[in-house]
1. Which value at 222 nm does the chain reach when only helices count, each DSSP H run of 4 or more adding -39,500 (n - 2.57), with the total divided by all residues and rounded to the nearest 500 deg cm²/dmol?
2. Classify the stretch 253-385 as rounded, prolate or oblate, taking a ≥ b ≥ c as the square roots of the eigenvalues of its Cα gyration tensor: rounded when a/c is under 1.5, otherwise prolate if a/b is larger than b/c and oblate if not.
3. Treating only the Cβ atoms of Lys and Arg (+1) and Asp and Glu (-1) as charged, compute the dipole magnitude of the chain about its Cα centre; round to the nearest 20 debye.
4. Per residue of the stretch 53-65, in order, report the coupling 6.51 cos²θ - 1.76 cosθ + 1.60 (Karplus, θ = phi - 60°) as ³J(HN,Hα) in whole Hz, putting x for Gly and Pro.
5. Once neighbouring chains are kept in place and the probe is 1.4 Å, which whole percent of the accessible area of the stretch 292-395 is contributed by carbon and sulfur?
6. Can you work out ³J(HN,Hα) from phi for every residue in the stretch 212-227, in order, using Karplus 6.51 cos²θ - 1.76 cosθ + 1.60 and θ = phi - 60°, giving whole Hz and x for Gly and Pro?
7. Only Lys, Arg, Asp and Glu count, each charged at its Cβ (+1, +1, -1, -1), so figure out the dipole size of the stretch 27-142 about its Cα centre, rounded to 20 debye.
8. Length gain on complete extension for the stretch residue 158 to residue 338, per 0.36 nm per residue less the alpha carbon to alpha carbon distance?
Amino acid sequence: MTETAFPGAAEAASSRARAEIDLAAVRANVRSLRAHAPGAALMAVVKADGYGHGAVPCARAALAAGATWLGTATPQEALALRAAGLTGRIMCWLWTPGGPWRQAIEADLDVAVGGMWALREAVAAARETGTPARVQLKADTGLGRGGCQPADWPELVREARRAEDEGLLRITGLWSHFACADEPNHPSIAAQLTRFREMVAYAEERGARPEVRHIANSPAVLTVPDSHFDLVRTGVSLYGISPSPELGTPADFGLRPAMTLSASLALVKHVPGGHGVSYGHHYVTPGETTLGLVPLGYADGIPRHASGTAPVLVDGKWRTIAGRVAMDQFVVDLGGGEPPAGARALLFGPGDDGEPTAEDWAQAAGTIAYEIVTRIGTRVPRVYVNQDVNERLQG
């Protein structure tokens, strides 16, 4: 949440709209995910500001519930966790040339290396600091994104081991990432597991002694038990979203959505039939009705693709966005209902009060629930509920 410019600004923003984050749900999700992978340690992935939920509060909640690692994409995200006072193991994996290797080493982060350029920069930073880098070698086992190709793996392992023998780094992990773990029985899953085992064996035969080997992301934690190895990386599932909605709801996997997004109606007014609504008049009222103005728009992360399709719970009834989502606001047709200005419009949540879920919004916008929660912007304050007393003391 951004800093407030004047006393009471946070309260004013919260009255406009708020994303309520249930930290008890985060803790319960960690416990449930640990039960799915009882033989492995659990990494709570809090990249992208905790998938929009708030990295630091969610990291503290996850650690309180038994997570032993934290994971981020960028080194800047990981360094921010350290700056917030979070200790313990933190891994970051999305590096570009010239990144803050020295700061990462000094902050005792585990850094991912998936190519020779990255290994060289990590080793150079280790020489400068006089501290061995904690390096996790990433294998591209078939995703085709980050990581070292099998043909280049021997060189990367050889040079990493040479640097390790010189005391410049420690190979703390060997890891990879699935392409299709959300599609059980997809042939790529078995192929990637086989390739991962081969690449791990190659490195270990040449002296690598990693603390952790890991490939399982959220869907693999839930559906591919053979992939759990020493550590599992839980991302979207940590926040109670099903990584495989075709296979089950969050409840089916023992998860509970942590975010509830709501806003106060800014205006309720009567309009006649045939009245155009929002830009382009893609919606025209079929008859005399009432319209409700919701003060959230695509500047807040509401997808414009949800125009005319996404559901909102107002006054106990599901309504649909009428017309286009604008930058700061959208309209719902209340069908003659007359809730007062200031009444709560529930966009999505766990569904306890009959409200839509993030998955409902994803279906309406033609995307995935990951994107729905992650894109909620900084104009929407995060309000944390069910914070554990020890988490409050850490904060």
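1. -9000 deg cm²/dmol
2. Numbers: a/c = 1.79, a/b = 1.55, b/c = 1.16.
In terms of gyration-tensor shape, prolate.
3. Numbers: 36 positive and 42 negative charges, 101 e Å.
In total the dipole reaches around 480 debye.
4. 8, x, 5, 5, x, 6, 4, 5, 5, 5, 5, 4, 8
5. Values: 2250 of 4600 Å².
That fraction is 49 percent.
6. 9, 10, 8, 9, 6, 9, 3, x, 5, 4, 8, 10, 10, x, 5, 9
7. On the way: 12 positive and 8 negative charges, 68 e Å.
For the stretch 27-142, the charge dipole is close to 320 debye.
8. Values: separation 180, 0.36 × 180 = 64.80 nm, distance 7.10 nm.
Net length gain for the segment: 57.7 nm.
The values are calculated or read from the model by the stated rules, or taken from the named source; none is laboratory data. The structure presented is a predicted model; accordingly, all values stated were derived computationally and were not measured. Reconstructed Cβ throughout: ideal geometry from the backbone, glycine too, with neighbour counts over all protein chains shown. Just so you know, the surface numbers come from the protein's heavy atoms only, side chains and all, with ligands and any DNA or RNA stripped out. Shrake-Rupley method; radii C 1.70, N 1.55, O 1.52, S 1.80 Å.
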